[in-house]
Structure formats: C-alpha cells, structure tokens
1. Charged (D, E, K, R), assigned by TED's automatic domain parsing to the domain that holds Val105, surrounded by 14 or more Cβ atoms within 10 Å (Cβ to Cβ) and under 19 Å from Met1 (Cα atoms), is that true of Glu164?
2. Answer yes or no as to whether Leu153 is touching a Gly at 6+ places or on another chain (Cβ under 9 Å), buried (at least 19 other Cβ atoms within 10 Å of the Cβ) and part of a helix (DSSP H, G or I).
3. Write out, first by first residue and then by second, each pair whose Cβ atoms fall under 7 Å of each other, whose residues are 6+ apart or on separate chains, and whose first residue, in the stretch 1-28, is in a helix (DSSP H, G or I) and β-branched (Val, Ile, Thr) while the second is surrounded by fewer than 20 Cβ atoms within 10 Å (Cβ to Cβ) and at pLDDT below 95.
4. Of all residues in the stretch 190-234, which are in contact with a helix residue (DSSP H, G or I) (Cβ under 7 Å, 6 or more places away or on another chain) and over 30 Å from Asn169 (Cα atoms)?
5. Of all the residues that make up the stretch 68-125, how many are in contact with a Ser or Thr (Cβ under 7 Å, 6 or more places away or on another chain) and assigned to a strand (DSSP E or B)?
6. Can you tell me which residue within the stretch 167-196, out of those that are hydroxyl-bearing (Ser, Thr, Tyr) and assigned to a loop (DSSP other than H, G, I, E, B), is surrounded by the fewest Cβ atoms within 10 Å (Cβ to Cβ)?
7. So which of Lys204, Lys118, Lys123 is more than 23 Å from Glu2 (Cα to Cα), touching a residue at least 40 places away in the same chain (Cβ under 8 Å) and of a type in the set (Lys, Arg)?
Amino acid sequence: MEILRKLIDEIENHEIKDSFVGAFDTVIESKYLGISSTLKPSKRKPFKNIKIMGNFTKEVSKLALSENELEASIGIAAINSALNRENLKFSEINAYDILPNFEKVGIIGRFPFIDKLKKQVKKVYVFELNPLNGEFHSDELKKYSNEIDIIALTATSLINHTFEKLMENKGKAKVLMLGPSTPLSKVLFDYGIDIISGTLIEDKNKFIGGIKEGKGFKHLEGRKSVTIFKNDSE
C-alpha cells in the first residue's frame, strides 16, 4: 500500500518506550502515544511472536504492511506514535459533528452513531464487507458514489488494506477519515482524504488504564477528538 509506505517514510525513528495490545485498541508510546484499533487475524496463518519493546518506530511501523491484521494494527500504532504534529492545525471537532452538514452520507464501517445520523440527514448509505439488512456490500460503493456528498471512511481500512480500492470507487464525494487508527498527517490529503478526524491523548494513565480494563474506545477517558481540514493546511 503506497500510502502506508509514505507514512512510514515520514515518521521519525524514535525508541519505543511502552506498548500494549488490548482487546479493542493497541497503543505504542514513542514520541507520542500512538493508537490503533486492534484487528484480529482473519486468515489461518502461523502467528509469530512480535518483539516490540526495545525496538524503534521505523522497524515496528513496517508491520503495517503485514497481511496479518494484528501485526498491521501494531504497525499503525507505531506510525501514529512517531508522526510529526508540530505544523498541524487542529480543531477540537468530533468527526460526527461534521456529517450532518451534508445531505447524503456514505459510511464505511459500522459506527454506533448511524441510527442517530439517519434522523439528521436525507440519506445514509452504510457499506460493509459483511453487510447486514439495509446495508450495502463495500464493493457496491462505486454504484452509489455519485449520489453521495461525503464518505466517512474508517481508518481500519489502512489496517486491512482496503483503503486503495475504496478510494478508487469514491467518485466525486468528499472523504472524511475517522476512528482511533487515523494518522494525524497531511500525507492523507495527498491520497484523496479531505478531512482527517483522529484522537490526541491528554492523560496517558487514564487512557491506558481504560484499555487494560477492556473498555471500548468510546468509553475511554483521557483523550480528545481533533480534526484537520485540508483547506486549512494548504
């Protein structure tokens, strides 16, 4: 995946101070606390032990290229721990608050806010690899893309390596990448993303404590949602 290789090239090579792979989220601490959703391997493959402690971010970040989703989760967290944030303009806006400004919204990923959003916009299209009743298969995105104003794309598409195919089928819709795995980097703008919505950690102990307790991301404390708009970065 070209976008992952570009992100790996962009990061600084920091020593990894701490790491934790939780049931729902993975954390790598180097320059920053980097987060990623924890995806379980979907294929039966021999799984080798992963040495994280004592390594550096350049090395561990290459796991993002792995076809094993758990390894890729660790790689994305390593990338997110080492991306340079100094020149980014953050707005403290939750990704969800952006979507009601559009009439027709495509959602790639089964987010908990979908039912609420359906009451606020004209039409919501939900695309999933394993669609439920009323949802569309991800392969159908191209069929409906010209009807959609904005696509909310889960950052787990970077972990499971579906990002490039989905972006090829987005049509003229704007794209918002969201979720804890989202890299806070202008690199995403070079690959068709218009709005980046991710997470910054304000209290490491509260955040990691919640992960160790097995809490889902939306219940984790010590974090804040931030958004970067492409127009603000040009």
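The values are calculated or read from the model by the stated rules, or taken from the named source; none is laboratory data. None of these values were measured; they are calculated from a predicted model. Methodologically, a virtual Cβ is constructed for each residue, glycine included, from the backbone with ideal geometry; neighbour enumeration extends over all protein chains shown.
1. yes
2. Considered against the rule, which asks whether it is touching a Gly at 6+ places or on another chain (Cβ under 9 Å), buried (at least 19 other Cβ atoms within 10 Å of the Cβ) and part of a helix (DSSP H, G or I), Leu153 comes out as no.
3. The qualifying pairs are Ile8/Lys62.
4. Ile201, Gly210, His219, Leu220, Glu221, Gly222, Arg223, listed by residue number.
5. Summing the residues that are in contact with a Ser or Thr (Cβ under 7 Å, 6 or more places away or on another chain) and assigned to a strand (DSSP E or B) in the stretch 68-125 gives 2.
6. Selected residue: Ser185.
7. Lys204
Results for (1) in contact with a Leu (Cβ under 6 Å, 6 or more places away or on another chain); (2) β-branched (Val, Ile, Thr); (3) farther than 26 Å from Leu70 by Cα, shown as yes or no for each residue.
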position	(1), (2), (3)
Gly171	no, no, yes
Val175	yes, yes, no
Ile196	yes, yes, no
Leu200	no, no, no
